[in-house]
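Asks: Let me begin by handing over the structure; questions about it come next.
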């Protein structure tokens, strides 16, 4: 015997409500979509690309060197930035002669297209923070600028994992 339409509608309503609740739980605690805004992460990420951000990973560990992270911009907590972790607490960062040095060691950075211009540092990264830079260093508002500075770990929202849009650019975020 067929179910009355009200019972059927109630079943569909329950399924729809459950789907919404699960989507909210996933978005709040596990994964968020971030839209890249600007050119500061080129060539790794391009303006308008959509990235899946793993929000769970940093509940169990801290960001590490070369992780691409999304964080709240310190001067406007409604804005999010995406940058690469260059140094963690206790390390010293410096740019000189168009190269990046962490703890005095020149880093090989295959993700850069152009050298980093201008001297910076040396600065020591305080406890509970990370030092971030864009891959397009000469056009990036990052930890070298006092407006951004060192990023408190509490402001890091997650790690960029997968570029999923536009579909032909589907790939993992290079680390």
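The values are calculated or read from the model by the stated rules, or taken from the named source; none is laboratory data. Here the structure is a predicted model, which means the values were calculated and not measured. All Cβ positions, even for glycine, are placed from backbone atoms using ideal geometry, and neighbour counts span all protein chains on display.
Asks: Which count do you get for residues in the range 144-175 that are within 14 Å of the chain's Cα centre (by Cα) and either part of a strand (DSSP E or B) or within 19 Å of residue 90 (Cα to Cα) (or both)? Quick ask: steps written out before the conclusion?
Replies: In the first step, residues of the range 144-175 are kept if they are within 14 Å of the chain's Cα centre (by Cα); the result is 151-163, 172-175.
Applying the additional criterion that residues be either part of a strand (DSSP E or B) or within 19 Å of residue 90 (Cα to Cα) (or both) yields 151-163, 172.
Matching residues across the range 144-175 total 14.
Asks: Tell me, which strands (runs of 3 or more DSSP E) lie completely within the range 1-91 with 3 or more residues that are over 23 Å from residue 128 (Cβ atoms)?
Replies: The strands (runs of 3 or more DSSP E) meeting that bar are 31-35, 50-54.
Asks: Of the residues in the range 108-128, how many are under 21 Å from the mean Cα position of the chain (by Cα) and either more than 20 Å from residue 64 (Cβ to Cβ) or at pLDDT 90 or above (or both)?
Replies: Final tally of qualifying residues: 6.
Asks: Moving on. Does residue 159 fit the bill of being touching a residue at least 12 places away in the same chain (Cβ under 8 Å), surrounded by 14 or more Cβ atoms within 10 Å (Cβ to Cβ) and more than 26 Å from residue 54 (Cα to Cα)? If you could, list the steps in order and put the result at the bottom.
Replies: Numbers: touching a residue at least 12 places away in the same chain (Cβ under 8 Å): yes; surrounded by 14 or more Cβ atoms within 10 Å (Cβ to Cβ): yes; more than 26 Å from residue 54 (Cα to Cα): no.
When the stated conditions are applied, residue 159 does not pass them.
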